[in-house]
Amino acid sequence: MTTKAYEVPADKLKFVKGVLEASDKKDPQTGKWIANEWALRGYKLNDAKGLGLEGTNYYIYVKADDDFFKRNEKSIVDVGAKLLSSEHASKVIKKVEEAEESAEAGIGAIFG
């Protein structure tokens with residue numbers, strides 16, 4: 001599994017969300033349903049402030065196999081998302097995973 005992080009400028013968010021949240025479609029030629037793989041795979045979308053980062057951008061965190069990225073990465077990059085360099089991606093990935101762990105610890109404390 002590979003983990004990647006993408007940066008989305010605030011003015012491109014609606015376009016990127018349009019891809020991430022798109023409904024499944026029926027292929028008119030074959031009649032088969034085409035699933036939105038972003039929705040199936042699952043992703044995390046956070047704003048910079050929610051991750052303790054500066055700025056007004058949003059960040060997408062997704063963990064998937066390389067084939068998923070080969071098939072789907074272009075769809076969000078084409079509408080404004082930018083794949084982060086390894087250094088910046090590591091920082092965002094760490095922040096998302098820390099927030100996730102903190103939330104899990106909080107739930108554990110409640111149901112303890």
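Quick notes on this structure:
- Ordering Asn72, Thr30, Gly52 by Cα displacement along the dipole of the stretch 23-86 toward the positive end leaves Thr30 in first place; charges were set at the Cβ atoms of Lys, Arg (+1) and Asp, Glu (-1).
- Between the entries [x] 1.03; [y] 1.07; [z] 0.94, the label attached to Rg/Rh (Cα atoms, Kirkwood Rh) calculated for this structure is [x].
- Residues Glu54, Glu98, sorted so that the one with the fewest Cβ neighbours within 10 Å comes first: Glu54, Glu98
- Exposure proxy order (Cβ contacts within 10 Å, fewest to most) of Lys95, Lys74, Lys82: Lys74, Lys82, Lys95
- Long pairs among Lys14/Lys49; Lys14/Lys94; Lys4/Lys26; Lys70/Lys95; Lys25/Lys82, criterion Cα-Cα beyond 23 Å: Lys14/Lys94; Lys4/Lys26; Lys70/Lys95; Lys25/Lys82
- Electrostatic dipole magnitude of the chain [Cβ: Lys, Arg +1; Asp, Glu -1; Cα centre; debye, to 20]: 360 debye
- Using just its DSSP H runs of length 4 or more, each adding -39500 (n - 2.57), the chain gives a mean residue ellipticity at 222 nm of -14500 deg cm²/dmol after division by all residues.
Since every read-out is calculated from the coordinates, none of them should be taken as a lab result. Owing to the predicted nature of the structure, the values given are computational and were not obtained by experimental measurement. Note that each Cβ is placed from the backbone with ideal geometry, even for glycine, and that neighbours are counted across all protein chains shown.
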